[in-house]
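Some notes on the structure that comes next.
The values are calculated or read from the model by the stated rules, or taken from the named source; none is laboratory data. Since this is a predicted model, take the numbers as computed values, not measurements. Every residue, glycine among them, receives a Cβ derived from its backbone with ideal geometry; neighbour counts consider all protein chains shown. Accessible surface areas use protein heavy atoms only, side chains included; no ligands, DNA or RNA. Shrake-Rupley method; radii C 1.70, N 1.55, O 1.52, S 1.80 Å.
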Amino acid sequence: MGLGRWCETFSNRYVELLRRADTGHWELAPHAADAVTAVERRALLTGNPPAVAHARMERLGLGHLFPTGQGAFGCEREDRTELFALARERAGDWPAEQTVAVGDTPLDVSSAHAGGCLCVGVTTGNYGPEELTAADLVISDLSQLDHALASLS
């Protein structure tokens, strides 16, 4: 089965199961909604297939902030670093040097850098500041994002 077919099959099943799932325990990271809303030019970039990513954002109340046809998703490229160029292309060829990724894993940071972008590491996930030291800036929660972005511009 090729990547495209696998992604379609996985996405259909995931979305079907999600419709019936109790996701009441799902929580946004502290200040996530405000931080994402405050970013003027944003795109969703994730290793998830588009349908899965958008369904999850809808469940978390952020779907309206990430329109379809924007961003980039794991099923669109086998090499994660290529997703940055795709997302920038969909954003009107936004320049790499003006692109800042926000991630909570060392892979997020290294992928952003390999894609020619800056990265703000946020320690709300499973990794602390010591694991995210390669990021251009590390913040402890998303309430600090606006200041971090301003200092990188």
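A P(r) calculated from all alpha carbon pairs of the stretch 11-79, with 5 Å bins opening at zero, reads 3, 15, 25, 25, 19, 11, 2 percent.
Beta-bridge orientation, the chain: approximately 0 percent antiparallel, per DSSP, counting only bridges with both partners inside. The accessible area of SER11, taken with all protein chains in place and a 1.4 Å probe, comes to roughly 10 Å².
One compactness figure for the stretch 87-153 is 1.06, namely its Cα radius of gyration divided by 2.2 N^0.38 Å. A full extension of the chain between THR23 and ASN126 corresponds to an added length of 35.1 nm, given 0.36 nm per residue minus the alpha carbon distance.
Between amide H atoms placed 1.01 Å from N, distances below 5 Å from ALA101 occur with LEU118, CYS119, VAL120, all of them 5 or more places distant or on a separate chain. Tell me the GluC sites (Glu not before Pro) within the stretch 65-153 that lie in a loop according to DSSP and have at most 10 other beta-carbon atoms within 10 Å. Answer by residue number: GLU78, GLU130. For the stretch 118-140, the residues whose amide N sits under 13 Å from a probe point set 7 Å from the Cα of GLU97 along the beta carbon direction are 118.
Per residue, the convex hull spanned by the alpha carbons of the chain comes to 114 Å³. Available extension along the chain between LEU107 and ARG90 is 3.9 nm, counting 0.36 nm per residue and deducting the alpha carbon span.
For the stretch 50-138, the square roots of the Cα gyration tensor eigenvalues, ordered a ≥ b ≥ c, give a/c of at least 1.5 with a/b no greater than b/c, which places it in the oblate category.
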